[in-house]
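Comments concern the structure below.
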Amino acid sequence: MSDEINLTLDFEDNGLLPDLFGEHNRNLARLEQMLDVTIHERGNQLIVVGDPENVNHTKDVLQSLYQRLKKDMIVGPQEVDGAIRMAIDGQEAPYVKADKKKTKAALPDTAMVIKTRKKHISPRSPLQADYFRSIDSCELVFGVGPAGTGKTYLAVAKAVEALTTGEVDRIILSRPAVEAGEQLGFLPGDMQEKVDPYLRPIYDALYDMLPQDQVEKRMEKGEIEIAPLAFMRGRTLSNAFVILDEAQNTTAVQMKMFLTRLGEGSHMVVTGDLSQVDLPHGVRSGLRDALETLEGVKGIGAIRFTEKDVVRHRLVKRIVDAYDKAEKNREDAEIYEKPRGRRFKK
């Protein structure tokens, strides 16, 4: 087509190109599929052909992924998809290490990389980048959205960063232990055995960032505490990074109790998915109540993720999208299924 352009990109370090291109050039194939371009490989050069806007997006993605590799960070399918999302929405992918001399709130997008003992973690969508900024600048942040958007995982990453850099003295991670009522007495085993199954996703996130022995040592020393929501009552949580996960399954009373535990020198992140409320019918979700009650309050941030921010397996995004469409169709159908007018007895 006449409006297509050719752009040649040069990469000076040939040793990084196998990881940049991906096994059997799968990363390049993904770019061609997602951005509707054609990519030709010539040694350490890539020639990108396509619509000018898509070609520029491809350039941004390739350059950001190349910079990741120069920083000894991995590039896989998830990083490619994340860089594509960032480029399409007009943001650079965050690959440059943060300058510790700068205040976090003033850092540009390219500084949002968390380096843990086991991996580098960075935002993979513009809203995830906003989430990082909000956590850095607000003492209380709500992260709300569907499964797979990184709400809890990124919050745990920020908590691990705060602990390892000495910004806080401890991490406190909590969830409602049972969908409705936290009736732990009916479960077998001691308290730790009762609550562990409900807190497993939090353990998984920690083990993904720290060696298991480090997690266990820090838990023994009290630097990492994982507890059900019921254990928060009556406490003041100071100099801590506090996370409440699955908050959609709290009542309004429980949520108020938890939020008022925030002490000096602490950060609090509350995560949940309002489409997966397991409370009994008629019980209002504490997460929904808090979002409405606290809207506009200074010092509180709220990030609302959508299916576009799903960063798990690519199929998860399609599943979330399909359920959203089905729910919308059911809501539309109810209008016609409800009886109209009075029904007269025969």
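The values are calculated or read from the model by the stated rules, or taken from the named source; none is laboratory data. Nothing here was measured: the structure is a model prediction, and the numbers come from that model. Heads up, the Cβs are rebuilt from the backbone with ideal geometry, glycines too, and the neighbour counts pull from every protein chain shown. The accessibility values were calculated without ligands, DNA or RNA, using every heavy atom of the protein model including side chains. Shrake-Rupley method; radii C 1.70, N 1.55, O 1.52, S 1.80 Å.
Consider region 157-209 and keep the residues that are on the phi > 0 side of the Ramachandran plot and small (G, A, S). The one that is modelled with the lowest pLDDT is G181. Residues in region 134-167 that are open to solvent by 30 Å² or more (accessible area, probe 1.4 Å), closer than 18 Å to Q78 by Cα and without any contact (Cβ under 8 Å) to a residue 60 or more places away in the chain: Y153 only. Residues of region 292-328 that are assigned to a helix (DSSP H, G or I), at pLDDT below 80 and open to solvent by 100 Å² or more (accessible area, probe 1.4 Å): K308, R318, K328.
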